[in-house]
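The values are calculated or read from the model by the stated rules, or taken from the named source; none is laboratory data. Just so it is clear, the structure is predicted and the values come from calculations on it, not from any experiment. Here Cβ is always computed from backbone atoms with ideal geometry, including for glycine, and neighbour counts include all displayed protein chains. Accessible surface areas use protein heavy atoms only, side chains included; no ligands, DNA or RNA. Shrake-Rupley method; radii C 1.70, N 1.55, O 1.52, S 1.80 Å.
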Amino acid sequence: MSQTTAVIGVHDPRDAVAAPPGSEFAPLLRTVKGRGLLERRYAWYARCIAANALALGGIVTGIILIGDSWLTLLLAPLLAVFGARTAFIGHDAGHSQIAGGKAVNRVIGLIHGNLLLGMSYSWWNDKHNRHHANPNHIDKDPDVVADVLVFTGKQAKDRSGFRRWLTRNQAWLFFPLTLLEGVALKVHGFQDLRRQPRRERAVEGALLVTHVVAYATLLLISMSPGKALAFAALHQALFGLHLGLAFAPNHKGMEMPDPNGERWGHLRRQVLTSRNIRGTVLTDWFLGGLNYQIEHHLFPSMPRPNLRLAQPLVRAHCQDVGIPYVETELVDSYRQALRHLHAVGEPLRME
């Protein structure tokens, strides 16, 4: 397997700022803290949130002004792209990157997740923090649980019926399936309301319903039902695809810890299971800065603009302690992820 880069996780994102004095991670943590890279970037996030709000407002205004015309569908890709920016802001709030207080981060997350996207902030946080705590761990990471896709030969062997067919062809179906991800994220959020405490459920549920009603109202007052349906289908499909393109390179095809094997420390657990994506400023923007996945997983509360500044420090430290630091180009990252999915389904295609 060719080497690439990484993403990390801990149950509480702030847990990563503490490490046993003798651990492989401790010297790196001291260096990063000494450079001030864990300090908040209030002005950067204020500009980011304001610019994103202006972009969304401009798109909504464009939908209303263009109205009942097929030309309005040209705004669906833009809404998908800036919907992904909105998701990145909600993601950062969940990791306490934006503000020092939990309450402020939660408000930002609820606005950008529940209200603007119709995605449950609480559901995402619970799932994502479990992923960060044990990335690519087959028993503990919800992102590699056998579902529509499977990630190990054992998971593939247990498939039957339609799911067995899916597994045989999962590499070819991966990107088409991401077209459904935008809707799936909304459905998961509503389903998760049953798990949440009553007070949290009331707030999250009200905001999710408000999003659905506002979204449907915007489209139906601006265009005919047929065009509104076409706009929604295109927008949600491209939104799901964008998120899939952003998250697929991070861990798929990377090391998967043996549940019965040696327990890795924080540094190895996060670095060996993740890959980074090299590229330009445009790559950073398109992937939301999460192309510095190794740095993000090692320091989940680090403000997103600081991840690229931490990269040289992390790479040098990994070299010093003899841990592979995986980086690759964007297209090659997809190739590696799809190659892994294809290999997992190979035994079923030989039947």
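Per-structure values
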| item | result |
| --- | --- |
| Accessible-area value, HIS317, 1.4 Å probe, nucleic acids and ligands omitted, Å² | 20 Å² |
| In Hz, Karplus ³J(HN,Hα) per residue of segment 283-290 (6.51, -1.76, 1.60; θ = phi - 60°; x = Gly, Pro) | 4, 4, 5, 5, 8, x, x, 7 |
| The chain: DSSP helices with Cα axial extent of at least 30 Å and average Kyte-Doolittle hydropathy no lower than 0.5 | 42-66, 198-222, 225-247 |
| Length released on extending from LEU78 to LEU54, taking residue separation times 0.36 nm less the Cα-Cα span | 7.4 nm |
| Estimated FRET transfer efficiency (GLU351, ASP258; beta-carbon r; R0 22 Å; 0.05) | 0.25 |
| Dipole magnitude of the chain about its Cα centre (Cβ charges: Lys, Arg +1; Asp, Glu -1), debye to nearest 20 | 380 debye |
| Within straight-line cross-link reach of LYS102, aspartates and glutamates at Cα separation under 18 Å, skipping those fewer than 8 residues along the same chain | ASP12, ASP15, GLU39, ASP92, ASP126, GLU200, GLU204 |
| Förster radius 30 Å - calculated FRET efficiency between VAL104 and ILE64, Cβ distance, rounded to 0.05 | 0.45 |
| Extension gain from ALA216 to SER23, taking 0.36 nm per residue of separation minus the Cα-Cα distance | 64.2 nm |
| Segment 22-89 - Rg and Dmax from Cα coordinates, angstrom | 19.8, 65 |
| Dimensionless Rg over Rh [the chain; C-alpha; Kirkwood] | 0.97 |
| Max mean-square fluctuation residue, GNM over the chain, Cα-Cα springs under 10 Å, options GLU181, GLU327, GLU24 | GLU24 |
| Spatially proximal lysines relative to LYS157 (Cα-Cα < 28 Å; intrachain offsets below 8 disregarded) | LYS127, LYS140, LYS252 |
| Per residue, in Å², the accessible surface of the chain once ligands and nucleic acids are set aside, probe 1.4 Å | 46 Å² |
| Placed amide H near ARG278: partners under 5 Å, 5+ positions off or other chain | THR328, GLU329, LEU330 |
